[in-house]
Amino acid sequence: MSSFPQTLNDLPPGGFGGSLKSAPVTAVKAPKESRADWRLGDRIGYALAWTAGIALCVIAASIVGYMGWQGLKYLRPELLFSHPSAEVDQAKSGGFLDPLLGTAILTAVGIVIATPVGVGIAVFVVEFGKPKWLARTVESAIEIVAGTPDIVLAIFGLALFQNSIFSWMSFTAEGGAVFGRSFLTAGAIMSLIAIPMIYGATREGLNAIPRHMREASYGLGKTRASTIRRVLLPAVRPNIATGAVLGMGRIAGDTAVVVILLGATLRLEPEGGVPGLSVLKGTGSTLTSYVYNNSPAGEGGSFEKAYAAAFVLLVIVLALNFFVDVVARRGAKNGLPTRAGGR
């Protein structure tokens, strides 16, 4: 009457579970279809999606191609190794070594501040998250900082660092007035630009780690702090590196903070007699401010050098993005979560 087993001896090997497990699982494939059968609105949306993707590729290729052509046409080795100088004759005004060094210094200061702060905030929100109101407030603050225009951050930073409590970070005049402009102050504000990227990448990596990795560590007698330090943070290193490199790209490409908080001077102007610290307390410029000042919209009047400096800046940013892709691919090979927030 029925194939249902009547006694225990009639059960298949391994019981019902064994028979179920041995049953082959076939993947459900999408039915074959032709786009000609789609509705008109769907076909238009499909065409617009393709058009948008191709247009973006064309724009990106045009930017890289044009800047590469102009940059290679005007870039000369001496521009990379000579200091800029104020001359009426642009042929004698030197290169952009100081702005190149200023870009490296400012990026390093900003990312050194942003990385531990962004990672620490992500660990607190994901691994602890209590009290909940504080975790929600922290996440809201991250979103506010990420959406605040750079020029607003720069003005706020200038008002903040001109207070006497921050006099050690910049030049102080004889009357006691704090200048508020230096690589330290500019780097501190630049870190606010990079923190949301580092936080987002680290948070996504921590959320992607399976729960059993934490439970296995607890089962071995490790504390939560030890688990975070020895298990979770090593697992999300690709995410941290990705967020940090993306933040470096944002710092290297910013102009508003440089003009207001770094002074945008033509050369590096150290302050004080302590080696290293005098440069950090002094003023200077970056490639972005150098490009602006020498562009047709600026006062330098040397568009050839603006193109050359812009090409060098573009190469730096492309190299950083290439490094992000390399880190992500290596993390994917190791089975680690490597997607960065915002990518």
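The values are calculated or read from the model by the stated rules, or taken from the named source; none is laboratory data. Model, not experiment: these values are computed from the prediction. Heads up, the Cβs are rebuilt from the backbone with ideal geometry, glycines too, and the neighbour counts pull from every protein chain shown.
Tabulated values for the structure
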read-out	value
Listing of helices (runs of 4 or more DSSP H) fully contained in region 162-281 that carry 1 or more residues being among the aromatic types (F, W, Y) and assigned by TED's automatic domain parsing to the domain that holds I113	183-208, 211-219
Selection count, region 133-162, where residues are within 14 Å of R181 (Cβ to Cβ) and in contact with a Gly (Cβ under 7 Å, 6 or more places away or on another chain)	3
Flag for I121 being surrounded by 15 or more Cβ atoms within 10 Å (Cβ to Cβ), in contact (Cβ under 8 Å) with a residue 24 or more places away in the chain and more than 29 Å from G276 (Cα to Cα)	yes
Every pair of residues 6+ apart whose Cβ atoms lie under 8 Å, when the first sits in region 308-328 and is over 26 Å from L79 (Cα atoms) while the second is not in a helix (DSSP H, G or I)	V324/A340; V324/R343; V327/T338; A328/T338; A328/R339; A328/A340
Positions within region 147-199 being under 30 Å from A235 (Cα atoms) and touching a Leu at 6+ places or on another chain (Cβ under 9 Å), in sequence order	G187, A188, I189, M190, L192, I193, A194, M197, I198
Test: residue in region 219-231 that is touching a residue at least 40 places away in the same chain (Cβ under 8 Å), under 30 Å from W168 (Cβ atoms) and not acidic (D, E)	no
Residue tally, condition in a helix (DSSP H, G or I) and under 22 Å from A208 (Cα atoms), over region 103-150	22
Cross-chain or 6+ apart pairs with Cβ under 7 Å, region 296-307 first and closer than 17 Å to L266 by Cβ, then at pLDDT 80 or above and in a loop (DSSP other than H, G, I, E, B)	K305/F96
Helices (runs of 4 or more DSSP H) wholly inside region 1-98 containing at least 1 residues that are at pLDDT 85 or above and surrounded by 10 or more Cβ atoms within 10 Å (Cβ to Cβ)	40-74, 77-81
Residue within region 146-153 that is over 20 Å from V257 (Cα atoms) and among the charged types (D, E, K, R) present	no
Unmet criterion (only one of (1) modelled with pLDDT of 90 or more; (2) of a type in the set (V, I, T); (3) more than 20 Å from G71 (Cα to Cα)) for V312	(3)
Yes/no for R339 being part of a helix (DSSP H, G or I) and at pLDDT below 80	no
Candidate set from region 281-309 (those that are among the charged types (D, E, K, R) and farther than 18 Å from T107 by Cα); member that is modelled with the lowest pLDDT	E299
